[in-house]
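Some notes on the structure that comes next.
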Amino acid sequence: MNVERIIMREIALKLKEPFRISSGTTFERRILLLELTDGEGTVAWSECVAGEYPNYSSETIDTAWLMIREHAAPRVLGRDLEHPSDAWPLLERDFRGHNMAKAAVEMGVWELHARRKGIALSRLIGGKRSSIETGISIGIQSSPGALIEEVAARLAEGYHKIKVKVMPGSDVEYLTALRDTLGPDIPLMVDANSAYTPADTNRLTALDGLGLMMIEQPFGTDDLLQHAHLQKLLTTPICLDESITGPDRVRDMLELGSGRIVNIKPGRVGGMGPSIAIHDLCLEAGIPVWCGGMLESGVGRGYNLALASLPGFTLPGDLSPSARYWERDIIIPEWSMESDGTITLPLDEPGTGVEVDADLVESLTSRSEVLTAG
Ligand code: OSB
Ligand code: MG
């Protein structure tokens with residue numbers, strides 16, 4: 001396989017409603033899309049998950065644009081690739097960080113290969129499931145009452161897991177009210193996006209009695225040791241998101257005891273190759289994994305859904321249908337939820353199984369650049 005051309009595009013997609021996490025609010029998603037073409041005219045689309053601001057990780061859409069154009073794309077353009085797993089070593093060598101930029105290129109290579117072979121991306125990576133349980137991530141709400149109303153509505157829609165964003169002040173009171181009203185049985189977890197420090201330990205231990213499935217990323221990205229101290233105090237499993245930048249951090253987590261569950265986002269760890277490596281490592285270690293999201297369009301979501309078909313993804317991910325975030329998604333057909341709260345993988349179609357609405361993308365494009373080999 002030879003990637004002959006990559007077109008970079010930035011589009012703007014307005015969220016149906018603002019999405020608030022501890023470190024900031026997103027109103028509109030600036031999305032970086034790649035369109036990869038091989039020598040025979042096969043086309044694959046991929047998405048870079050970097051946000052507008054460096055509040056989740058150090059990367060932004062603007063750093064990623066630069067790193068893809070100058071460093072990541074040139075490493076695969078014009079190269080003969082035997083298999084898509086050859087892309088990650090090319091992107092990793094003497095190239096520190098910038099996983100989101102690398103992932104956009106790496107994932108596009110997987111999709112291109114799947115489309116060339118005419119097989120589903122899920123099956124190419126060894127996926128077994130054919131339908132994926134949905135889960136929803138709910139942003140920080142204005143009051144406990146507003147949160148309860150939102151969660152009740154989402155449960156009625158069929159979601160299999162409810163994740164609530166928290167931060168100091170919007171945590172114990174909110175979650176206690178939620179449990180008191182909706183009962184102990186709803187599949188509930190929280191995500192702090194690094195909003196806490198060890199000085200907040202009392203708040204975190206107060207959450208411990210609420211029967212949460214897990215507490216995601218209470219401390220900072222690099223605070224593996226502090227997470228390990230906290231995990232010793234909690235019955236609730238800690239799940240790491242931001243901290244897991246690759247398989248090595250999973251090994252650190254295991255040795256230190258920093259957490260008991262891993263959120264895998266292909267966009268955060270460098271793509272499908274590193275995601276599969278983390279999955280395999282966790283499966284062997286008995287660590288449950290689930291697939292997170294980064295407010296992707298239907299393009300990025302397609303990769304997340306394919307990844308979640310691997311056997312180790314035993315917990316529902318942050319995987320919701322297109323209509324959760326977008327008035328109109330950029331793919332045909334849109335991702336939709338079945339009445340049992342699952343999304344069916346289009347396994348008879350090549351790659352992720354959805355096509356990009358090229359006219360819509362064109363009309364939303366604010367900048368583009370064409371990259372070729374040499
Ligand atoms: O931490 O999982 C996170 C969105 C943006 C940045 C970070 C996170 C999230 C989400 C949304 O929780 C998950 C989704 O795409 O549905
Ligand atoms: Mg998270």
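For the range 350-374, residues that are buried (at least 16 other Cβ atoms within 10 Å of the Cβ) and either assigned to a loop (DSSP other than H, G, I, E, B) or modelled with pLDDT under 95 (or both) total 5.
Within the range 43-99, take every residue that is among the β-branched types (Val, Ile, Thr) and surrounded by 21 or more Cβ atoms within 10 Å (Cβ to Cβ) and give me the one that is nearest to residue 30 (Cα to Cα). Working first, answer last.
Start the filter on the range 43-99 by keeping residues that are among the β-branched types (Val, Ile, Thr), which leaves 43, 49, 60-61, 63, 68, 76.
Filter once more, keeping what is surrounded by 21 or more Cβ atoms within 10 Å (Cβ to Cβ): 49, 68, 76.
Working: 49: 10, 68: 16, 76: 25 Å.
The extreme case among them is 49.
If you go through the range 238-254 and keep only what is in contact (Cβ under 8 Å) with a residue 12 or more places away in the chain and away from ligand 1 (no atom under 16 Å from the Cβ), you end up with 246, 247, 250, 251, 252, 253, 254. Is it fair to say residue 57 is polar (S, T, N, Q), within 23 Å of residue 242 (Cα to Cα), at pLDDT 95 or above and assigned to a strand (DSSP E or B)? Taking the combined requirement at face value, the residue does not satisfy it. Exactly one residue out of 278, 343 is within 16 Å of ligand 1 (Cβ to nearest atom) and assigned to a helix (DSSP H, G or I), and it is 278.
Can you tell me which of 242, 255 is of a type in the set (Asp, Glu) and more than 16 Å from ligand 2 (Cβ to nearest atom)? Step through it out loud before you land on a result.
Working: 242 fails: more than 16 Å from ligand 2 (Cβ to nearest atom).
Checking each option against the conditions leaves just 255.
Filter the range 222-234 down to residues that are of a type in the set (A, V, I, L, M, F, W, C), buried (at least 17 other Cβ atoms within 10 Å of the Cβ) and within 28 Å of residue 182 (Cβ to Cβ), then give me how many there are. Residues meeting the conditions: 2. Looking only at the range 311-324, residues that are crowded, with 20+ Cβ neighbours inside 10 Å and away from ligand 1 (no atom under 12 Å from the Cβ) come to 3 in all.
For the range 203-229, a residue qualifies if it is under 22 Å from residue 174 (Cα atoms) and within 16 Å of ligand 2 (Cβ to nearest atom), and the qualifying residues are 204, 207, 212, 213, 214, 215, 216, 217, 218, 219. Only one entry in 189, 167 is crowded, with 22+ Cβ neighbours inside 10 Å, within 14 Å of ligand 2 (Cβ to nearest atom) and not charged (D, E, K, R), namely 189.
Report those helices (runs of 4 or more DSSP H) wholly inside the range 82-194 carrying at least 3 residues which are at pLDDT 95 or above and in contact with a Ser or Thr (Cβ under 6 Å, 6 or more places away or on another chain). Working first, answer last.
Numbers: elements: 87-92, 99-117, 121-124, 144-157, 172-182.
In the range 82-194, the matching helices (runs of 4 or more DSSP H) lie at 99-117.
Just to verify a result, which residue in the range 325-342, among those that are aliphatic (A, V, I, L, M) and within 18 Å of residue 31 (Cα to Cα), is surrounded by the fewest Cβ atoms within 10 Å (Cβ to Cβ)?
So in the range 325-342, the residues aliphatic (A, V, I, L, M) come out as 330-332, 337.
Still in the list and also within 18 Å of residue 31 (Cα to Cα): 330-332.
Details: 330: 24, 331: 23, 332: 12.
Of everything passing the filter in the range 325-342, 332 is surrounded by the fewest Cβ atoms within 10 Å (Cβ to Cβ).
A quick yes/no check of all residues on (1) within 15 Å of ligand 1 (Cβ to nearest atom); (2) touching a residue at least 40 places away in the same chain (Cβ under 8 Å); (3) surrounded by fewer than 20 Cβ atoms within 10 Å (Cβ to Cβ):
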| position | (1), (2), (3) |
| --- | --- |
| 199 | no, no, yes |
| 214 | yes, yes, no |
| 220 | yes, no, yes |
| 256 | no, no, yes |
| 264 | yes, yes, no |
| 298 | yes, yes, no |
| 306 | no, yes, no |
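Checked against (1) more than 16 Å from ligand 1 (Cβ to nearest atom); (2) of a type in the set (Lys, Arg); (3) touching a residue at least 12 places away in the same chain (Cβ under 8 Å), residue 93 passes all but a single condition, namely (3).
Being crowded, with 24+ Cβ neighbours inside 10 Å and among the hydrophobic types (A, V, I, L, M, F, W, C) is the filter; apply it to the range 284-293 and report the residue that is farthest from ligand 1 (Cβ to nearest atom). So the residue we want is 289.
The values are calculated or read from the model by the stated rules, or taken from the named source; none is laboratory data. Predicted model only: the values in this text are computed from it and were never measured. Positions of Cβ are generated from backbone atoms using ideal geometry, with glycine treated the same way; all protein chains shown enter the neighbour counts.
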